[in-house]
Amino acid sequence: MLRPKLPSLNDKEGSTVPTGLPEVVDAHVHIFPKGIFSAIWKWFDAHAWHIRYQLRTTQIFDFLLSRGIKHIVALQYAHQPGAACKLNRYLAKKCREYPNQVTGMATIFPGENDAEGILKEAFGLGLGGLKLHAHVQCFDMNGDDMNLVYDICQSNNKPIVMHVGREPKSTAYNCDPYIICSADKLESVLRNFPKLRICVPHFGFDEILPYEKLIEKYDNLWLDTTMILAGYFPMEDTIDLDKYRIDRIMYGSDFPNIPYAWDRELKWLSASGLPQEILDWILSKSAGKFFGLD
């Protein structure tokens, strides 16, 4: 799916959340220190699209909050062993500058030493859960190392946002997402850790229909909308939000790592004709339940 020089769209952006929408929680915003962000921008330029919003952490928070986003969930992921503690401390410090407006998620590199100690420190710093990215971290979600991580999060009532959908795929990754990622693999986790809340971003793209069935079957699974409502990727499956288990769907933007206007998916939702009750769940209530924001 990913290939160099995917289009960067010059669509017009709004100055605020579209009129008529309920309160918005953005459940998928990326935050990194300056050096890592710069490396990510270079990677995307070479292997995907040009990132439209090349902003630093404080700029990202101020940009979204000033435009009417009510609450931000800030995500990060460790690209290598030994980086997690520094990243967790960095994000916790930044979140304290925005009390009640930003919830940060911890990171860990699966398989590294002292996973329990790293996560307990992160949760003690106020981080609200864990973010993992299988494409970047190349982990087996059914491996023994991951079972330890799941158990720690479940025992501490901390949710996991886990990119284990197979797309967007790139040959630039060090592993093949189509081998390590699947809805069947995740189902084993959902079944073995029934009290562990897990969110799979991007509707589980490209296994959208299997993930739609999984949220009907498992009360501990959520999906987020990130980049799937934007009309950016070619998709075979149609997403009819009013047919989903809507209390398990939450809005996320992927800001700032996007190639189009920050409010593109919000405009889509505003024009969708969906009932207010469904919009309430997508834009705030589902995230509130998942991250414990209420």
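Laboratory data are not the source of any read-out in this text; all were calculated from the coordinates shown. Bear in mind the structure is a predicted one, so any value in this text is a computation, not a measurement. All Cβ positions, glycine included, derive from the backbone under ideal geometry; neighbour counts span all protein chains shown.
Rounded to the nearest 20 Debye, what is the dipole magnitude of segment 25-291 about its Cα centre when Lys and Arg each give +1 and Asp and Glu each give -1 at the C-beta? Before the final figure, lay out each step's value.
Details: 29 positive and 32 negative charges, 196 e Å.
For segment 25-291, the charge dipole is close to 940 debye.
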Next on the checklist: Output wanted: per-residue J couplings in Hz (rounded whole) for segment 239-249, from phi through Karplus 6.51 cos²θ - 1.76 cosθ + 1.60, θ = phi - 60°, x for Gly and Pro.
Outcome noted: 9, 9, 4, 6, 9, 7, 6, 6, 6, 10, 10
Checklist outcome for this item: Neighbour-count ranking for Met141, Met250 (other C-beta within 10 angstrom, fewest to most) reads Met141, Met250
Checklist entry - Can you list the HN-Hα couplings for segment 277-287, worked out from phi with the Karplus curve (6.51, -1.76, 1.60; θ = phi - 60°), rounded to whole Hz and with x for Gly and Pro? => result 4, 5, 4, 4, 5, 4, 8, 8, 5, 5, 5
Next on the checklist: Bin width 10 Å, origin at 0, all Cα-Cα pairs of segment 22-105: what percent of pairs per bin?
Outcome noted: 17, 48, 30, 5, 0
Next on the checklist: Using +1 at the C-beta of Lys and Arg and -1 at the C-beta of Asp and Glu, which of Leu221, Ile258, Cys175 has the Cα lying farthest in the positive direction of the dipole of the chain?
Outcome noted: Ile258
Checklist entry - Which of these values of Rg and Dmax of the Cα atoms in Å was calculated from the structure shown: (1) 17.5, 50; (2) 38.8, 141; (3) 17.8, 57? => result (1)
Item to check | Backbone HN-Hα couplings from phi across segment 190-195 [Karplus 6.51/-1.76/1.60, Hz, Gly and Pro as x] | outcome: 4, 6, 7, 10, x, 9
Next on the checklist: For the chain, which cysteines have no second Cys with its Cβ under 4.7 Å from theirs?
Outcome noted: Cys85, Cys95, Cys153, Cys181, Cys199
Next on the checklist: Which of Phe109, Phe193, Phe123 has the fewest other C-beta atoms within 10 Å, and how do the rest follow up to the most?
Outcome noted: Phe193, Phe123, Phe109
Checklist entry - Leaving out same-chain residues fewer than 8 places away, which lysines sit with a Cα under 28 Å from that of Lys195? => result Lys70, Lys120, Lys131, Lys158, Lys185, Lys213, Lys217, Lys243, Lys285, Lys289
Checklist entry - Expressed as a whole number of Å, what is the distance separating the alpha-carbon centroids of segment 81-117 and segment 175-213? => result 23 Å
Checklist outcome for this item: Sorted by chain and number, the residues with a modelled amide H under 5 Å from that of His28, at a separation of 5 or more or across chains, are Val73, Ser253, Asp254
Checklist outcome for this item: Of Gly126, Gly111, Gly20, the most mobile residue in a GNM of the chain (C-alpha springs, cutoff 10 Å) is Gly20
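Rounding to the nearest 20 debye, state how big the charge dipole of segment 158-278 is about its Cα centre with +1 on each Lys and Arg Cβ and -1 on each Asp and Glu Cβ. Before the final figure, lay out the partial values.
Details: 14 positive and 19 negative charges, 91 e Å.
Here segment 158-278 has a charge dipole of around 440 debye.
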Checklist entry - Got a sec? Charge dipole of segment 25-291, +1 on Cβ for Lys and Arg, -1 for Asp and Glu; which of Leu119, Ile36, Phe61 is way out at the positive end? => result Phe61
Checklist entry - Ala106's amide H: which non-local residues (gap 5+, or another chain) put their own amide H closer than 5 Å, with H modeled 1.01 Å from N in plane and none for Pro or chain starts? => result Gly128, Gly129, Leu130, Lys131
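Run through segment 4-89 and list the trypsin sites (Lys or Arg not before Pro) located in a DSSP loop whose Cβ has at most 10 other Cβ atoms within 10 Å.
Numbers: sites: Lys5, Lys12, Lys34, Lys42, Arg52, Arg56, Arg67, Lys70, Lys86, Arg89; in loops: Lys5, Lys12, Arg52, Arg56, Arg67, Lys70.
Loop-located and lightly packed - Lys12.
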Checklist outcome for this item: Under 5 Å from the placed amide H of Ile258, counting only residues 5+ away or on other chains, we find Arg52, Tyr53
